[in-house]
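Presented below is the structure to which this report refers.
What follows is calculated from the coordinates using simple rules that are stated; it is not laboratory data. From a predicted model like this one, the values you see are computed outputs, not experimental measurements. Please note: Cβ atoms are built from the backbone with ideal geometry, for glycine as well, and neighbour counts cover all protein chains shown.
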């Protein structure tokens, strides 16, 4: 019993030591301790097909992810970290075709280009990194009927990828 308690105590102390050093956190981020602020700029819409709410929804989702998962203070400009992006693609294509060459499923794909600046550690910067995600829907359903649900699902995937590429370095 004492050996088990000793092992549990050692594990707790190790976990505390790792999280206290500031380089690793249990949220999966690897933000260095001297990085305190972030600027997340509005994601411009540059895709040919228009979705009027996608830029705003994506921008807010990225900001919310950083609020939830980090302790970084969000600034309007000149943060230690800065994310700038553009929606560059918004496409619908057939993803599954039946024997009669008729689309059974359609795929909505959203592509985003992101620039990341780390003013404290410029070696972590990247420019024009492309992130893409898709969701499929039945071809018997109109895009208008499922667009908001599909976009929410796609935004979640893209936000996770952006978060991982910027502060989790995955």
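Starting from 0.36 nm per residue, how many nanometres of slack lie between residue 67 and residue 152 once their C-alpha separation is accounted for?
Full-extension gain reported as 28.8 nm.
Gain in length, residue 84 to residue 144, computed as 0.36 nm per residue apart minus the alpha-carbon separation, to one decimal in nm?
18.8 nm
Which residues does the label zone of residue 105 cover in the stretch 115-147, counting backbone N under 17 Å from a point 7 Å along Cα→Cβ?
Answer for the stretch 115-147: 133-143, 146-147.
Write down Rg/Rh for the stretch 35-168, rounded to two decimals, with Rg from the C-alpha atoms and Rh from the Kirkwood relation over Cα pairs.
So for the stretch 35-168, dividing Rg by the Kirkwood Rh gives 1.06.
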